[in-house]
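Everything below concerns the one structure shown next.
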């Protein structure tokens, strides 16, 4: 149980998600130990806090990648790029529409040119889901 609590905290830190104000309470393993030793403290609040954090992380993992994929397609699909190029109206006599689309794609590709950039964007999408679940 302690490892799961630590893993939850590390993952929250990795996503730059602050724990809720109620999380200033005891850590789950400490609270469980005290409870088993006969403490009168109520364990429900600690369990609810842990359950909320763990549930938010699982939901974030399930939804964050899909949200990143949707955002990527919204910005970088061929149809989206063609629409932006049409809106910008930069193609004309000197450059073909296809060349302008390719140039736009190359501009956009800088945002996902490395595995680290993609990982950061996925983490941002995941953190957004986690934060929204914890703020309820």
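The values are calculated or read from the model by the stated rules, or taken from the named source; none is laboratory data. Bear in mind that the values here come from a model prediction, so they are computed numbers and not experimental data. Because the Cβ atoms are built from the backbone with ideal geometry, glycine has one as well, and the counts that use them run over all protein chains shown.
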Within the range 75-91, residues over 30 Å from the mean Cα position of the chain (by Cα), loosely packed, with under 13 Cβ neighbours inside 10 Å and in a helix (DSSP H, G or I) come out as 87, 88
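Answer yes or no as to whether residue 128 is touching a helix residue (DSSP H, G or I) at 6+ places or on another chain (Cβ under 9 Å), surrounded by 12 or more Cβ atoms within 10 Å (Cβ to Cβ), closer than 30 Å to residue 12 by Cα and modelled with pLDDT of 90 or more. Spell out how you get there, then give the answer.
On the way: touching a helix residue (DSSP H, G or I) at 6+ places or on another chain (Cβ under 9 Å): yes; surrounded by 12 or more Cβ atoms within 10 Å (Cβ to Cβ): yes; closer than 30 Å to residue 12 by Cα: yes; modelled with pLDDT of 90 or more: yes.
For residue 128, the condition - touching a helix residue (DSSP H, G or I) at 6+ places or on another chain (Cβ under 9 Å), surrounded by 12 or more Cβ atoms within 10 Å (Cβ to Cβ), closer than 30 Å to residue 12 by Cα and modelled with pLDDT of 90 or more - is met.
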Counting only residues that are under 20 Å from residue 129 (Cβ atoms) and surrounded by 17 or more Cβ atoms within 10 Å (Cβ to Cβ), which one in the range 4-47 is modelled with the lowest pLDDT?
23
Hey, residue 30 hits all of (1) more than 27 Å from the chain's Cα centre (by Cα); (2) part of a loop (DSSP other than H, G, I, E, B) but one; which does it fall short on?
(2)
Filter result for the condition that a residue is surrounded by 12 or more Cβ atoms within 10 Å (Cβ to Cβ), within 17 Å of the chain's Cα centre (by Cα) and either touching a residue at least 24 places away in the same chain (Cβ under 8 Å) or more than 24 Å from residue 126 (Cα to Cα) (or both), over 50, 72:
72
